[in-house]
Amino acid sequence: MKALNSRRWIITVAVMAIALAVLMFFAQFVGAKYVSPANFFRGMTHAETVVLVQYHLPRVLVAALVGAALAVCGAVFQGILRNPLADPFILGISGGGTVGAVFAVAAGAEVVVFGFSTVTVFAFIGSLGALALVVAFSKIRGTVATHNLILAGVVLNAIFSAAILFMMSIMPFVEMRSIYQWLMGSLYNAIALEPPQIGVAAVIVFVGALLLLAMAKSMNLFALGEETARQMGVRAERTRLACLILTAILTGVAVSITGPIGFVGLIVPHIMRLLVGPDHRILLPASFFGGAIFLLVADSVARSVLPLTGLSLSELPVGVATALCGGPFFLWLLRARSRRAIFGK
């Protein structure tokens, strides 16, 4: 294994961190409630200050956290499972969180406990429960099999989808409409989060990402095959289980506050892998910042497109924006890579 180029690592992280900071600053001035960036330096009115602090800033922070969490999870899944299509949704973890949230709404348990909505708590519990089920059903003779993890995730996703449809069919129309918006992935509810809630989410995301980064060297060895990784001293079962638990926690945090948002965990790691290479020691931090940037851009587009069209809807759900942006790009990427493989470029 090649030694990590510390200078390249520092430059990459610094450039992406600066880009994220700049984007987070200007993203606060985007949306239906427009505030001019020039007024930030010349002096804002009370109304403009309220718009930025109570509406735009929480949303920007949550978008960066959720994007970073989902992208890191996608990079980890693709590495330890050696599957380029792996992301937080393929193992059913996101689906489990969605079931938890929908169940809380269907049961009428929309109350606040210690500052946290029970919908958020149930979504987080659902994600962890989904991971426990996936691991339990993928074991062969006490050992978790990689191919069984994926198959179990696909089957559980189908079961979760059926459970969600059933619960929605017995809901009142008003609750069903709010769940539809949540299922499409929306950052609109971020404005209802209290600062302690965003702070707790930030701590979980940062600590989880750092713990995963500490296992980056072992993830690199997984690329050589599980048996080879064992021969080189990696405790494959323990490492994979630790990675799955941490990614389930990060996914649970993301899903619990925004709903399921697709393509971030799938697209961003591929883009970063093309830019910085496959070494997880630099790929994970690059995916962290890249995911935050990607979701911030998608959310800025989502907040801007519909108000400009004059439609009655206030905004486009960010999950729709990520699909519209990420889907065509991923198809183009697959096409470009297949051409390089054919022509030897």
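The values are calculated or read from the model by the stated rules, or taken from the named source; none is laboratory data. Quick caveat: nothing in here was measured; it's all calculated off a predicted structure. Here the Cβ positions follow ideal geometry from the backbone for every residue, glycine too, while neighbour counts run over all protein chains shown.
Selection of the stretch 184-206 for residues being at pLDDT 80 or above and not polar (S, T, N, Q) yields 187, 195, 196, 198, 199, 200, 201, 202, 203, 204, 205, 206.
Residue by residue through the stretch 272-305, note down the ones that are without any contact (Cβ under 8 Å) to a residue 24 or more places away in the chain and of a type in the set (Val, Ile, Thr). Scanning the stretch 272-305 gives a single hit, 305. Could you tell me whether residue 38 is surrounded by fewer than 17 Cβ atoms within 10 Å (Cβ to Cβ) and either in contact with a Phe, Trp or Tyr (Cβ under 8 Å, 6 or more places away or on another chain) or among the β-branched types (Val, Ile, Thr) (or both)? The answer is no for residue 38.
In summary, helices (runs of 4 or more DSSP H) completely within the stretch 10-122 and bearing 3 or more residues that are over 16 Å from residue 253 (Cβ atoms) and touching a residue at least 24 places away in the same chain (Cβ under 8 Å) occur at 57-80, 93-106. From the list 23, 85, 70, 65, the one residue that fits, being modelled with pLDDT under 85, within 20 Å of the chain's Cα centre (by Cα), within 18 Å of residue 268 (Cβ to Cβ) and hydrophobic (A, V, I, L, M, F, W, C), is 85.
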